[in-house]
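Comments concern the structure below.
The values are calculated or read from the model by the stated rules, or taken from the named source; none is laboratory data. For clarity, every value in this text was computed on a predicted model and none was experimentally measured. Every residue, glycine among them, receives a Cβ derived from its backbone with ideal geometry; neighbour counts consider all protein chains shown. Note: areas computed on protein heavy atoms with side chains; ligands, DNA, RNA excluded. Shrake-Rupley method; radii C 1.70, N 1.55, O 1.52, S 1.80 Å.
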Amino acid sequence: MTSGWWINEKRHAGEEHLDTKEAARFDEKSPFDPSTEVETLLGYGLTEEDTVIDFGTGTGVFPLAVAEHCDRVVAVDVSKSMVEIVHDKTEEAGLQNIEPIHDGFLSYDHQGDAASYAFSKDALHHLPNFWKVEALKSVGATLEEGGVFRLRDFVFSFDPQDSHAAIESWLDEKQSTPFTDEELHVHFREEFSTYGFLLEPMLQEAGFEIVESTYETDFYAEYTCLWCGTSE
Ligand SMILES: C[S@@+](CC[C@H](N)C(=O)[O-])C[C@H]1O[C@@H](n2cnc3c(N)ncnc32)[C@H](O)[C@@H]1O
């Protein structure tokens, strides 16, 4: 899509994700154990015939873990630095079935069999709300009917009346993490995390049935969804 009103996804991707040095530090700063995610997909019936797509894959932790359980994994990220890391890790691991793709949620054009599973962690909040819905439609368009989408992201579930106190208390808790104050502040000032009470209808309007929502903290949510397709 080249129309003048279309979003530039890269501009919203987060400077630290586009920067080669910062991308190289990503796994150390934001470690992620993908084993429960792989188990979840296996529980939903993932087989060696299936295609899986990870949107906003970062350094490809999830694709590398799920690759042995499926036929094909597409690892999509709008950051060239991240995609290069996935490429290097994939070569190092000798895996033939991971395709690192330099694209965004919205620009990715899926080729081949429809995917049975899609995954996205900590990436959707980079898009403003209108574009989140467009991104969710785009994820759905890659899936077969009934395909499973696991979405994990920074999502708010505190009472809107208490938002300032909740955010200040969250920032205090994060003081002992490797993130600078500025990096933590940017999350609220310049990124687009939203409330669960807004994101759930967005998922539904985009064409997903939500089969499970988990709000483990007031700042994070996980959704398991099934693609119902469009009514056309
Ligand atoms: C916080 S990282 C999460 C990486 C990985 N999913 C994880 O949890 O380890 C967010 C990733 O989303 C990517 N990203 C941001 N906006 C995107 C978009 N519109 N489409 C695809 N990827 C995007 C960034 O480049 C970055 O690699």
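Tell me, rounded to the nearest percent, the portion of alpha carbon pairs in segment 1-73 spaced more than 21 Å apart. Looking at segment 1-73, the distances longer than 21 Å represent 44 percent of pairs. The ellipsoid that matches the Cα gyration tensor of segment 75-184 has semi-axes, each √(5λ) in whole angstrom, of 31, 21, 12, with the longest given first. Between residue 44 and residue 6, the simple label model (points 7 Å from Cα in the Cβ direction) yields a spacing of 2.8 nm. Applying the criteria of a DSSP loop state and at most 14 other Cβ atoms within 10 Å to the trypsin sites (Lys or Arg not before Pro) of segment 22-126 yields 25. On a per residue basis, the convex hull of the C-alpha atoms belonging to segment 9-227 measures out at 115 Å³.
Segment 65-141 and segment 1-56 have Cα centres separated by 6 Å. Placing unit charges on the Cβ atoms only, positive for Lys and Arg and negative for Asp and Glu, gives segment 9-227 a dipole magnitude near 380 debye about its Cα centre. Taking loop as defined by DSSP and a crowding limit of 14 other beta carbons within 10 Å, which GluC sites (Glu not before Pro) in segment 10-73 fit? Those satisfying the criteria are 48, 49. Looking at the chain, the DSSP beta bridges with both ends there are about 40 percent antiparallel.
Lysine pair count for segment 9-227 (Cα-Cα distance under 15 Å; residues 8 or more apart in sequence or on different chains): 7. Within segment 142-209, the ratio Rg/Rh, alpha carbon atoms throughout and Rh by Kirkwood, equals 1.08. Each helix, a run of at least 4 DSSP H residues, gives -39500 (n - 2.57); summed and divided by the residues of the chain, these come to -10500 deg cm²/dmol at 222 nm.
Solvent-accessible surface of segment 1-94, averaged per residue with a 1.4 angstrom probe and all protein chains in place: 54 square angstrom. Split the accessible area of the chain by element, probe 1.4 Å, and carbon with sulfur accounts for 48%. Full extension of the chain between residue 32 and residue 188 gives 54.0 nm of extra length, using 0.36 nm per residue less the Cα-Cα distance.
State whether segment 104-150 is rounded, prolate or oblate according to the following rule on the C-alpha gyration tensor (a ≥ b ≥ c being the square roots of its eigenvalues): a/c under 1.5 gives rounded; otherwise a/b larger than b/c gives prolate, and the remaining case gives oblate. Cα axes put segment 104-150 in the prolate bin.
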